[in-house]
Amino acid sequence: MSRQRWNPATIAILVAYSATIAAANWASTVCPPVVIVDLYVPAGAFFAGLAFTLRAGVQEFLGARTALVAVAGGAGLSWLVASPRMAVASAVAFALSELSAFVLYSALRRRGRLAAIGASGTVGLLVDSLVFVPLAFGSLTYLGGQIAAKTATTVLAMAFLAAVRAHRRRRPA
């Protein structure tokens, strides 16, 4: 695991992580579900999928302790921007899913950063969806859409990271 490296880029990752948490909870509270084909997607799911990738970035560049503090802060943000029911569902789901993703990322990191991000993001989005949807909405109606949207945003984030990595490898030193 890397040492803490506080610089504008790592601070931006930390701020983006917090912002996606707030945006996901705000959107789930005030925006209606988005219908895509036959899937009902809570609006916040599009933001929530990015949180897992960003948490891995916080953990990678600022360390495990900072990542755990950020997870706790993210759970706390839920109370500021969401309805009480959404806040409880989000805080419980977020804490369980992010801690699950944190543990898996930590275990897999030595095998490769992108693999660890992908695997931990997948576990995180599944745990989050399975806990959040029934608590927030009282049914599993949005489960498929929630998982699909989070998967899509995770895949897009992973593709972006892979492209950045490939670009950096092609640059002359």
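Residues that are within 16 Å of Ala27 (Cα to Cα) and more than 11 Å from the chain's Cα centre (by Cα), at least 3 per element: which helices (runs of 4 or more DSSP H) completely within region 41-152 meet that? Explain how you work it out, then say what you get.
Details: elements: 45-62, 64-81, 84-108, 113-137.
The helices (runs of 4 or more DSSP H) meeting that bar are 64-81, 84-108, 113-137.
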query = Are any residues in region 100-122 modelled with pLDDT of 85 or more, surrounded by fewer than 15 Cβ atoms within 10 Å (Cβ to Cβ) and not β-branched (Val, Ile, Thr), and if so, which ones?
reply = Ala107, Arg110, Arg111, Gly112, Ala115
inquiry  = Checking the conditions here, which among Ser106, Ser120, Ser139, Ser100 is farther than 25 Å from Leu161 by Cβ and of a type in the set (S, T, N, Q)?
reply    = Ser139
note = Residues in region 6-40 that are over 23 Å from Leu140 (Cα atoms), more than 13 Å from the chain's Cα centre (by Cα) and surrounded by 21 or more Cβ atoms within 10 Å (Cβ to Cβ) total 0
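Quick check on region 130-173: of everything there that is of a type in the set (Gly, Ala, Ser) and without any contact (Cβ under 8 Å) to a residue 60 or more places away in the chain, which residue is farthest from Leu96 (Cα to Cα)? Show your work before the answer.
Step one: of region 130-173, the residues of a type in the set (Gly, Ala, Ser) are 136, 138-139, 144-145, 148-149, 152, 157, 159, 162-163, 166, 173.
When the remaining residues are screened for being without any contact (Cβ under 8 Å) to a residue 60 or more places away in the chain, the result is 138-139, 159, 162-163, 166, 173.
Working: Gly138: 19, Ser139: 19, Ala159: 26, Ala162: 27, Ala163: 30, Ala166: 33, Ala173: 41 Å.
The residue in question is Ala173.
The values are calculated or read from the model by the stated rules, or taken from the named source; none is laboratory data. Owing to the predicted nature of the structure, the values given are computational and were not obtained by experimental measurement. So basically every Cβ, Gly included, is an ideal-geometry build from the backbone, and we count neighbours across all protein chains shown.
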